[in-house]
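This report refers to the structure that appears directly beneath it.
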Amino acid sequence: MSTPSGTDSASGFVAELSSKLRDSVQRVIVGKSETIDLVVLALLCRGHVLLEDVPGTGKTTLAKALAASLDSQFNRIQFTPDLVPADVLGVNFFNAKNGEFEFRPGPIFSEILLADEINRATPRTQSALLEAMQERQASIDGVTSPVPEPFMVMATLNPVEMEGTFPLPEAQLDRFMVRASIGYPGREEESAMLSRFQHAESLNSLPSVAAGDDISKARDVVDEVTVDETVSGYLLDIIDATRSSSSLRLGASPRASLALQHAAQGRAAMQGRSYVLPDDVKRLAVPVLSHRLLAETTSELRGQATATILTEIIESTPVPIEKV
C-alpha cells in the first residue's frame, strides 16, 4: 500500500482538539482513554455511541463531562417502561391565552443527548430516536424540524440479563456508530479516583475546551481523509467475511461498512494523519461492527459472542502490506 502525500496540518488540528477533549473528560473519568477516544471519535464522525455496562461505572458522568467540555446544550432522558415518544420528541399543546397551538420541544432538541438506560423503554419509544439519529431531524404531527448541530446521542444500556429491560431492535442498533464499555476500573485507577474525589469535584467546574464551530471544522477535515483502494479492499474483505460466516445469522450492513470507513478516517485524523492505515480499520472493526451482527443459535450456545466471532474474522483476514 502506498502512503499518500499531503499536508497534515488540518489533521493536526483534529488531533489537538481530540486531545483537549480527552484531557478534559479525564478530569472526572479516571483513565479509560480508549473508551473516551471512541466517544470523541463518534462525535467527530457525526456518529452516536452506545455505552453498555452495569450501573455505577460512570456512563452518565462520561456523557455529562463531554457536554461540559464542549459548552453544548445537554439533555438527559431517563428511559422507563411508561415513557412515550412525545416525552422524547415534544408535543403540540393548545395555548388558551392566544388561542393557538404551540410546540413544546422535547429533549431530543439538544446537541448532546443522553438516552439513559435506553433498553428500559419499550421498542416503540426507543424508535422515536431513529429519525433524528439518521436524518438529523424530528417529525411531530406532520411537521419536520432540524435538531441542533453538532448533534450526538449517547445511549446507556444495561446488560440484557437485568430485570425490566427490552432488547434494542436491529434497526436501532445499526444507527449507533460505536458500542463501548467503560468497565470496572483497575485497582490503581480506583485508588486515584478515591483520592481525587475525596472532596467532590463538580462537573460544573469543567472548562469548555471546544465550541460547536470547532467540531464542525473537525468534521470537515475527517471527511477529506484519504482512503486508499487497498485499505478499502481490506475493509470490504472483513465485511464480506461477516456475511459469509457460518457463525453469524446477520452480517454487516452497507451502513456498517460506511460507518467503519468513516470511523477509520476519524481515527487517522485524531492521530494527525491525512490518510487511513489498515490498522485503523482493524482497531475499529469490533466497536463499530459487533453490535450490528447476530450470532447463530449454535454459536450462542457455545458462548461465542459476536465480538469474539468478529475478532476471529479479523485475525484470519490478511492485512495489506505497505509497498516500499
Cross-link reach list, lysines versus Lys59, counting only Cα pairs under 16 Å and skipping chain neighbours closer than eight places: Lys32
Degrees separating the helix 33-44 axis from the principal Cα axis of the chain, which is the longest one: 70
Between 0 and 90°, nearest 10: helix 187-196 axis offset from the chain longest Cα axis: 40
With Cα atoms, 0 to 90° folded angle of helix 278-289 axis to the chain main axis: 40
Eligible aspartates and glutamates near Lys64 by straight Cα distance, threshold 18 Å, same-chain separation 8 or greater: Asp23, Glu34, Asp37, Glu52, Asp53, Glu111, Asp116, Glu117, Glu149, Glu201
Long-range HN-HN contacts of Ile140 with modeled amide H, under 5 Å: Ser145
Protection-proxy order for peptides 206-216, 123-133, each taking the mean of Cβ atoms within 10 Å per residue, highest first: 123-133, 206-216
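Going highest first, how would you order 265-274, 78-87, 218-227 by mean Cβ packing within 10 Å?
Values: 265-274: 24.2, 78-87: 15.3, 218-227: 18.4.
Ranked from most to least packed, the peptides come out as 265-274, 218-227, 78-87.
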Under 13 Å from Lys282, Cα to Cα: aspartates and glutamates that are on another chain or at least 8 residues apart: Asp237, Glu312, Glu315
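Rounded to the nearest 5, what % of DSSP beta bridges with both residues in the chain are antiparallel? Please list the in-between numbers first.
Values: 12 of 29 bridges.
Counting DSSP beta bridges with both partners in the chain, the antiparallel share is about 40 percent.
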Distance between modelled label sites at Phe101 and Ser216, nm, 7 Å Cα→Cβ extension: 3.2
Gaussian network model of the chain, Cα within-10 Å springs - most flexible of Glu229, Glu102, Glu149: Glu102
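All of the numbers you see were taken from the coordinates with simple rules; none came from a lab. Everything numeric here is computed off the predicted structure, so don't read it as measured data. Ideal geometry is used to build each Cβ from the backbone, glycine not excepted, and the neighbour counts take in all protein chains shown.
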